Each structure stands twice: as structure tokens, then as C-alpha cells.
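Student: One structure, as C-alpha cells, below. Some questions next.
The values are calculated or read from the model by the stated rules, or taken from the named source; none is laboratory data. Please read these numbers as outputs of a predicted model, since none were measured by experiment. Note that we place each Cβ from the backbone using ideal geometry, even for glycine, and neighbour counts take in every protein chain shown. With ligands, DNA and RNA removed, areas are computed over all heavy atoms of the protein, side chains included. Shrake-Rupley method; radii C 1.70, N 1.55, O 1.52, S 1.80 Å.
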Amino acid sequence: MEDLELLKKKWNEERPNEFRRYTEEELLVMTQKKSVSVAKWVFMIGILEIFILVGIRFFRNKEILDTKLILGICFLFFISYFYHKINRADNTRTLASQILRLRFLILIYSILILSGEVMERAGKLYHYIKQFIGDNLLERSDAYHYGRFVGLIAFPIVLYLIYKHTYGRLLKKLNENYNELKTLS
Amino acid sequence: MKPDLQKKFLQELNENQRIVHKICKIYTDNPTDHEDLFQEIVIQLWNSYPNFRGEAKFSTWMYRIGLNTALALFRKRDRQVPTHTMETMEQIKIHDETDPEIEEQVKAMYDAIHRLSDVEKALIMMYLDDKPYKEIAEILGITEGNARVKMNRAKEKLKTLIHG
């Protein structure tokens, strides 16, 4: 392919002023800046998510030895471990799978917490649904129960939208690249 | 990091910074993103340097981390690129070339490369850098055979993008 050969020739020609030449001092300044990598964002959001969920639980129950609190601490440990195990010098497919594994771990935690909440409230949920679809729903005009019911329905939707706009946007490119490499293998 | 190690790192990075610039050129299309990606690669190299055992050459290790950053770690910031910035990029490219016809051909090639997928960009870049298939396969985490197949497809796609 003639075009590619031409490009190859140009690509390997070192031309002055082709790129900005940074000094060692400038490079040193760069090393001190904070990374904005996808892995770091996933890690930070995951930690924040656990802190929020654990925090809510703690302030509501005021119990230190709560199962969900312990679960949160365990996940904090595992997430930190997996984050620090990410090796930037691994091959691209392994690196991408390490980041996605970190994301998957956070997702498992969220699912565990949310399913726990739903199970705890299963009885009430049944009651709300029964009321909601009942014939005399309007007569009862129980605004409080409607609110709770709508809240329970809306919560996963809101959560999904939050996830889509955080992890979804963050990992879109990574997922695409990982799937492309996975398909190749 | 120990001062002598830091000094060594900066020296090697300084000598090989063209590699990082080339990765940025393939993966970005404006100077601001180029600068952002360059900085992110430098940070990733810096963070990984304590684990660099010297089994491979610094430039090879740097190439791998640079590509990994572009493919798996870097995320462009959501922002509007000012038009004058884009123009500056074009002016730089045009200034590089002497023959207007060749200049136009090379520009068309770069435009087409920017329309490839990230993995295809990596393959084309490694082709331009004359990397053997064994190394390409190792860097991406695929088999050598698949690297060959994918490379041919990427070249074909590039051809179609240029000539329609």
C-alpha cells in the first residue's frame, strides 16, 4: 500500500519542531500532577459509593457491628487491593480486564446492598403494591404510601441513570476496546 | 522515589519523549488533548517506574505503558475544542511538509487513522514503527495469528477510508 509506505517514511523522519520538546524540569512538574485515569476514577467513585452506603446505614442504625457495615469494610479492602494490583505494564487486554474486574466488584457490592434493602422491605413492598393496584386506591388517598411506593420504583431507575452517567460514560471506550480485543482472541 | 532513580527516569523520559508524542499524535486530534494524554502517560510511567526491572529496554516499556494509557486509561475531557486550536494543529502539520501533494496525502492518512477504532490505531501505529507481530501480539494480549489478521483488516479499512 503506497500511502502507508509514504506515511511510514514520514512517521519515522525526525523533524525539528514537529513536537514540543519538554525539558526535564517540565517533565518533573508533570509527574507531580494528579492522574485522571479511568482506573482511578472507578476506584474513587467506588470508594465514595461504599462510604455513602455505609454512612447511611451507620447513621440510621447506630450500630458498629452491623453486617452491612462489615460487608462495606470488606469490600473497601478488596477494592483497594484490586486497584493497587492493576499493572500498567501488562498487556492491554489484561489491563482492561483488571479495570473491569474492579468495576464488577463495586457492582456486586451495590447489588448486595440493594437486594438486601429490597428483601428487608419485601413485606412493605407487597403492601404498597396491593394498595396501589387496589380498586379503592383513590378513596384511601394514602399519600404517604404512594410516596413510598413511587420511591421504591423510582430508586432503581435513578440509580441506573446515575450509574449510566458515571461508570457507563467512564468505561464506554474501555469496554469497546476490551470487547474488540476479546473478540480477536 | 529516590533522587538518583528520579534523575535516571527523567533522563530516559527526556531522551524518549518522541515516543509519547507519537502515541498522542495517533490518539488525539487537537493540541489540548495531545497535552492531556502526554501528561497522563508521564504520570502512569512515573507511577510504574519503581516496578520497572529493566528486563526490556526503557523505550519498549514506555511504548507499552503509553499505548495502554491511550487504550485503557485515558479519557478525553468533555469540552469544546476552540476552532483556533484546531487551526494551529493543521498549521503545524502543513508546515512540516514541503511538497503540497505529499502534504495533502499525509494529512488524508492521518484523518483516516483518526477514524479507526482505538485497537486499529494501535495496530497501524505499531506497523508504522515496524514492530514485529510477536511484539504486537504481546502488547495487545492477542495471538500472533490474530494480530496478523487484524492488521490486514485495519490496513484494508484505512484504504477504504482514504479512497472511498
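Student: Can you give the accessible area per residue of the protein assembly as shown, in Å², using a 1.4 Å probe?
Tutor: So the protein assembly as shown comes to 56 Å² accessible per residue, rounded to a whole number.
Student: Shifting gears a bit: Which of the three applies to chain B, rounded, prolate or oblate, going by the alpha-carbon gyration tensor with a ≥ b ≥ c and a/c under 1.5 meaning rounded?
Tutor: Verdict is oblate for chain B.
Student: Computed FRET efficiency, Cβ-Cβ of A:Ser185 and A:Leu161, R0 41 Å: what is it to the nearest 0.05?
Tutor: Values: r = 33 Å, r/R0 = 0.81.
FRET efficiency, A:Ser185 to A:Leu161: 0.80.
Student: Can I ask one more? Setting aside same-chain residues fewer than 8 positions from A:Lys130, which aspartates and glutamates have a Cα under 16 Å from its Cα?
Tutor: Candidates past the 8-residue exclusion: A:Glu139, A:Asp142.
Student: Efficiency by 1/(1 + (r/R0)^6): what FRET value for A:Glu5 and B:Glu35, r their Cβ-Cβ distance, R0 = 30 Å, to the nearest 0.05?
Tutor: FRET efficiency, A:Glu5 to B:Glu35: 0.50.
Student: Another question, then. How much accessible area is lost when chains B and A come together, counting both sides, with a 1.4 Å probe, in Å² rounded to the nearest 100?
Tutor: When B and A are taken together, about 5600 Å² of accessible area is lost.
Student: In what order, largest first, do B:His21, A:His165 sit by accessible area if the probe radius is 1.4 Å?
Tutor: A:His165, B:His21
Student: How far, in degrees from 0 to 90, does helix B:83-96 lean away from the longest principal axis of the Cα atoms of chain B, to the nearest 10?
Tutor: 90
Student: Could you give the spread of the C-alpha atoms of region A:1-53 along their three principal axes, from largest to smallest, in whole angstroms?
Tutor: 58, 36, 9
Student: Among the aspartates and glutamates, which fall within straight-line cross-link reach of B:Lys2, defined as a Cα-Cα distance under 18 Å, with same-chain neighbours fewer than 8 residues apart omitted?
Tutor: Filter leaves A:Glu24, A:Glu25, B:Glu12.
Student: Provide the FRET efficiency to the nearest 0.05 for the A:Arg101-A:Val36 pair, computing r from the beta carbons and using R0 = 25 Å.
Tutor: Once rounded, the FRET efficiency stands at 0.75.
Student: Please state the charge dipole magnitude for chain B, taken about the Cα centre, from unit charges on C-beta atoms (+1 on K and R, -1 on D and E), reported in debye and rounded to the nearest 20.
Tutor: My answer is approximately 740 debye.
Student: Then there's this: Over the protein assembly as shown, with every protein chain in place, what whole percent of the accessible area is carbon and sulfur at 1.4 Å, could you tell me?
Tutor: Using a 1.4 Å probe with all protein chains present, the protein assembly as shown comes out at 59 percent carbon and sulfur.
Student: Using Cα positions and a limit of under 24 Å, work out the lysines in reach of A:Lys164, with same-chain residues fewer than 8 apart set aside.
Tutor: Qualifying lysines at Cα under 24 Å: A:Lys40, A:Lys172, A:Lys173, A:Lys182, B:Lys76.
Student: Kirkwood hydrodynamic radius (Cα pairs, Å) of region A:21-122?
Tutor: Its Kirkwood hydrodynamic radius stands at 15.7 Å.
Student: Run the numbers on region B:5-29: which residues show a drop of 30 Å² or more in accessible area, chain on its own versus all protein chains together, using a 1.4 Å probe over heavy atoms?
Tutor: Flagged in region B:5-29: B:Leu10, B:Asn14, B:Gln17, B:Arg18, B:His21, B:Lys22, B:Lys25.
Student: While we're looking at this one, here's another question. For helix B:17-27, report the angle its Cα long axis makes with the longest principal axis of the Cα atoms of chain B; keep it between 0 and 90° and round to the nearest 10°.
Tutor: Tilt of helix B:17-27: around 40 degrees.
Student: Just to be sure I understand the model, the point goes 7 Å from the Cα along the line to the Cβ. What's the resulting A:Arg15 to A:Glu120 distance in nm?
Tutor: 6.5
Student: Compute the angle between helix B:58-68 and the longest alpha-carbon principal axis of chain B, please, reported from 0 to 90 degrees and rounded to the nearest 10.
Tutor: So the inclination is approximately 60 degrees.
Student: Just add up the charged neighbours of A:Ser35: K/R +1, D/E -1, any other residue whose Cβ is under 13 Å from the Cβ of A:Ser35.
Tutor: Cβ neighbours under 13 Å give a net charge of +3.
Student: Please state, rounded to one decimal and in Å, the Kirkwood hydrodynamic radius that the protein assembly as shown gives when every pair of distinct Cα atoms enters the mean of 1/r.
Tutor: Evaluated over the protein assembly as shown, this radius sits at 23.4 Å.
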